[in-house]
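Novice: Shown below is the structure under consideration.
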Amino acid sequence: MKNNITHTRKPHGGGTVIPHRRNAISRTKGQFLLLGRLRVASFRRGGTAMTAFLFVLLFLSACSNDSFDKRIVIPEAEWKQENHVAFDVDINDTISPYEFGIGLRHLENYRYSNLFVFLHTTMPNGNHTHDTIECTLATPEGKWIGKSSGSMRDLTVPLNENLLFPLSGTYHFEIEQAMREPVLKGISDIGLYVEKQ
C-alpha cells in the first residue's frame, strides 16, 4: 500500500511504549481505521463578556473527543521490534467523518526510503484488525519528503481522509515496526492523528 505525503503536522507528546503481546489478531474486512486534530476558532479582542463566555464553551468543546494527535519519542531513535507504540482514542461521534493518519519524524541518516509498520486495532467491542502500512519517506530520486528541522525530517501519512467509526467507545491502536530488523535505527518518534472533519 503506497501513501503520498500531502502535508505536515508538528508533533505532540503523549501515549506509551509497550512490549509486544502475541494475541490472535484477525483482519476484519472493511474496517481499516485511522485518526487528527481539531481546529479551534479565535475571537476578536475587545469583545464582550458574552463573546468570552462563548469562547470558553468553544474551547471546552474542542477539548472533547473530536481530536487526537500524539506521538511517542523512540529512545535514542532505535525502535526495537518488540516495542509497540500504543494509543487509546475515545470516539463518541459515529456519524461525522474523521481524517486518520500516522505522524513520524526520522533522522536524515535513516538508511531506507520507506517505513513499513503494522497497525493493530482493537475496537470497543473487542474485535481486532491488523493492517500493513507503507510510509513513503523519499522520492524515487532519493530526496526526503518530510519537512526539514535540523538533522530531522517531519511528516504525516494520511491513511483515511473520510473515516466513519462504526462504534462509539475507546479504540486501542498499536504500531509495530515491520522492517524486519531487531532494532530499527533512525526513527525518532511515531504517532497517530485523528481529526473530525
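The values are calculated or read from the model by the stated rules, or taken from the named source; none is laboratory data. In this text the structure is predicted, and so the values were computed from the model without any measurement. For neighbour counting, all protein chains shown are included, and Cβ atoms are generated from backbone atoms with ideal geometry for every residue, glycine included.
Novice: Taking segment 130-153 as the region of interest, how many residues are under 16 Å from the mean Cα position of the chain (by Cα) and farther than 17 Å from Leu104 by Cα?
Specialist: 2
Novice: Provide a single number: the residues in segment 154-183 that are within 20 Å of Leu104 (Cβ to Cβ) and either within 16 Å of the chain's Cα centre (by Cα) or β-branched (Val, Ile, Thr) (or both).
Specialist: 17
Novice: Of all residues in segment 100-135 being among the charged types (D, E, K, R) and touching a residue at least 60 places away in the same chain (Cβ under 8 Å), which is surrounded by the fewest Cβ atoms within 10 Å (Cβ to Cβ)?
Specialist: Within segment 100-135, the match that is surrounded by the fewest Cβ atoms within 10 Å (Cβ to Cβ) is Arg111.
Novice: Would you pick out the residues in segment 180-197 that are out of contact with any His (no Cβ under 8 Å at 6 or more places or on another chain), part of a strand (DSSP E or B) and over 16 Å from Val89 (Cβ atoms)?
Specialist: Hits for segment 180-197 are Val183, Leu184, Lys185, Asp189.
Novice: What number goes with the only condition from (1) farther than 19 Å from Ile72 by Cα; (2) of a type outside the set (Phe, Trp, Tyr); (3) in contact with a Phe, Trp or Tyr (Cβ under 9 Å, 6 or more places away or on another chain); (4) in contact (Cβ under 8 Å) with a residue 60 or more places away in the chain that Ala138 does not pass?
Specialist: (4)
Novice: Within segment 185-192, does at least one residue satisfy the condition of being in contact with a helix residue (DSSP H, G or I) (Cβ under 9 Å, 6 or more places away or on another chain) and over 17 Å from Gly103 (Cβ atoms)?
Specialist: Yes, because at least one residue in segment 185-192 is in contact with a helix residue (DSSP H, G or I) (Cβ under 9 Å, 6 or more places away or on another chain) and over 17 Å from Gly103 (Cβ atoms).
Novice: Also, I was wondering about something else. Suppose we keep only residues that are within 23 Å of Gln81 (Cα to Cα) and without any contact (Cβ under 8 Å) to a residue 60 or more places away in the chain within segment 141-158. Which one would you say is surrounded by the most Cβ atoms within 10 Å (Cβ to Cβ)?
Specialist: Result: Arg153.
Novice: Can you tell me how many residues within segment 159-179 are loosely packed, with under 13 Cβ neighbours inside 10 Å and either in a strand (DSSP E or B) or among the hydroxyl-bearing types (Ser, Thr, Tyr) (or both)?
Specialist: Selection size over segment 159-179: 1.
Novice: May I pose another question? How about segment 70-123: which of its residues are assigned to a strand (DSSP E or B), closer than 25 Å to Phe165 by Cβ and of a type in the set (Asp, Glu)?
Specialist: Answer for segment 70-123, where residues must be assigned to a strand (DSSP E or B), closer than 25 Å to Phe165 by Cβ and of a type in the set (Asp, Glu): Asp88, Asp90, Glu99.
Novice: Quick one: what pairs do we get from segment 162-179, first residue touching a residue at least 40 places away in the same chain (Cβ under 8 Å) and closer than 15 Å to Ile91 by Cα, second basic (Lys, Arg) and not in a strand (DSSP E or B), C-beta under 7 Å, 6+ apart or different chains?
Specialist: Pairs found: none.
Novice: Follow-up question, since we're still on this one. Going by what's in this entry, would Val56 be described as at pLDDT below 95, of a type outside the set (Ser, Thr, Tyr) and either within 30 Å of Ser151 (Cα to Cα) or out of contact with any helix residue (DSSP H, G or I) (no Cβ under 9 Å at 6 or more places or on another chain) (or both)?
Specialist: Spelling it out, Val56 is indeed at pLDDT below 95, of a type outside the set (Ser, Thr, Tyr) and either within 30 Å of Ser151 (Cα to Cα) or out of contact with any helix residue (DSSP H, G or I) (no Cβ under 9 Å at 6 or more places or on another chain) (or both).
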